[in-house]
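The next block holds one structure in the form of structure tokens; read it before the comments.
The values are calculated or read from the model by the stated rules, or taken from the named source; none is laboratory data. Because the structure is predicted, anything quoted here is derived from the model rather than measured. Don't worry about glycine lacking a Cβ; one is built from the backbone with ideal geometry, like all the others, and counts go over all protein chains shown. Just so you know, the surface numbers come from the protein's heavy atoms only, side chains and all, with ligands and any DNA or RNA stripped out. Shrake-Rupley method; radii C 1.70, N 1.55, O 1.52, S 1.80 Å.
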Number of protein chains: 2
Amino acid sequence: MSHAPRLTLELWFDFASTYSYIAAGRIEQLARAARVGVVWRPFLLGPIFQKQGWNDSPFNLYAPKGVYMWRDMDRLCSRYGLPFKRPSVFPRNSVRAARVALIGAETAWGPAFVQAVYRASFGDDLDIRDPDVLVMLLDDQGLSGRDVLAEAESPAWKPRLREQTERAEQLGIFGAPSFVVGSELFWGSDRLEQALDFVGQPRLL
Amino acid sequence: MSHAPRLTLELWFDFASTYSYIAAGRIEQLARAARVGVVWRPFLLGPIFQKQGWNDSPFNLYAPKGVYMWRDMDRLCSRYGLPFKRPSVFPRNSVRAARVALIGAETAWGPAFVQAVYRASFGDDLDIRDPDVLVMLLDDQGLSGRDVLAEAESPAWKPRLREQTERAEQLGIFGAPSFVVGSELFWGSDRLEQALDFVGQPRLL
């Protein structure tokens, strides 16, 4: 009776990343249609960008790229029916939210929480670093937000986000969103369809 | 009796750019199906990258990005049926070829010449800076390659590539390939379909 998909695709995302919002908003419907399971992998772009010599988002460092990205977000969110309001702070500190999402990744509430954090940040311009915001979003999932947040920041869980970020680097990830299918890496929300195609019929080159 | 498309899309490309090769290889069939005309706009990424503080391709400057790009080129060229051999020199100096393409952009042989230059560089690993290679590719178009090359490097034409590059900058272009539809900019070969959609039904935001 099981219809559980055998094959999976990993979505590597950072809550600070605008295009990860698009990917997170699109992935569930497309993966379901392709009968592919999604594994949610929060990580931090900051340490990876630092190794590229960047101490800020490339969209802030390179002005024309930033101008383009905001316009592109308008267009893409309109196209995909995602609410969008340019956040008053960019990039937002995503560490705390990512720690919670790391716990969520092993639970049933994880995907909905990820979507909720993204919509709070890019749809409602809320500060997702604020513990009260995260508690509210967790409570909305029927959880005790305070308890989950405390667990996320406990010594048992806290180091795991760093480990996950190191794993991202080992996988060759240099930006977000990234999709990983086996040993294949795809970068950018517009590669989602291609990554899903690849799950079903990997092209051996 | 005319079936000439009323609407056009500009393809801004640099012969040094790997993803521009993909875009150039895909655009004619897709544009024809969408009944959109293509305007070919060669320009130089070098001066634009320099203003971003880069004196080399970002794929050379950021190693993981480079590793990804070459793998991605393998996959994409396989997917789209384009010949691909990783060039022995990257990025290749594209100035001379771009000057010729600028003349070609106003002629019937332009698009075929662009495709031929890209295939020479990324399919056959030929040095497109070499005048003999360019003459050969022009001769293949039924032209006098020597004459066209001399014209491209004449005082009347030579400054125009710089002007075109300045225009790219004014349009907010920061990478290649870029597609321009009116005042809208789309970056990356994977945005071609979206840019073509936009020609027919611009979404007013």
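Key figures
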item	result
Whole-Hz couplings from phi, Karplus 6.51/-1.76/1.60, listed for region A:49-57; x for Gly and Pro	4, 4, 5, 8, x, 9, 10, 7, 5
Which of A:Asp132, A:Asp74 is most accessible, then next, and so on - probe 1.4 Å	A:Asp132, A:Asp74
Heavy-atom accessible area per residue - region A:16-130, 1.4 Å, Å²	41 Å²
Label-point separation, B:Ala156 to A:Glu28 (7 Å along Cα→Cβ), nm	6.4 nm
In sequence order, calculated HN-Hα J values of region A:80-91 (Karplus, 6.51, -1.76, 1.60; Hz; x Gly/Pro)	9, x, 9, x, 8, 9, 4, x, 6, 10, 8, x
Sequence of B:Asp72, A:Asp125 from largest to smallest accessible area, 1.4 Å probe	A:Asp125, B:Asp72
Phi-based couplings in Hz for region B:178-187 (Karplus 6.51, -1.76, 1.60; Gly and Pro marked x)	10, 10, 10, 10, x, 9, 9, 10, 10, 10
Accessible surface buried upon A-B contact (total; probe 1.4 Å; Å², nearest 100)	2900 Å²
Carbon/sulfur fraction of accessible area - region A:86-205, other protein chains in place, 1.4 Å, %	48 percent
List of region B:140-175 residues, accessible area with partners at least 20 Å² below that of the chain alone (1.4 Å probe)	B:Phe174
Solvent accessible area, Å² - B:Arg41, 1.4 Å probe, full protein context	60 Å²
Selected from B:Gly172, B:Gly53, B:Gly104 as most flexible by GNM, with chain B as the system and alpha-carbon contacts under 10 Å	B:Gly53
Residues with amide H under 5 Å from that of B:Leu126, placed H, sequence gap 5 or more	B:Ser121
Helical contribution to [θ] at 222 nm, DSSP H n ≥ 4, -39,500 (n - 2.57), averaged over the protein assembly as shown, rounded to 500	-15000 deg cm²/dmol
Accessible area in square angstrom per residue, region B:152-205, 1.4 angstrom probe	48 Å²
Candidate lysines - alpha carbon under 29 Å from B:Lys85, same-chain residues fewer than 8 apart omitted	B:Lys65
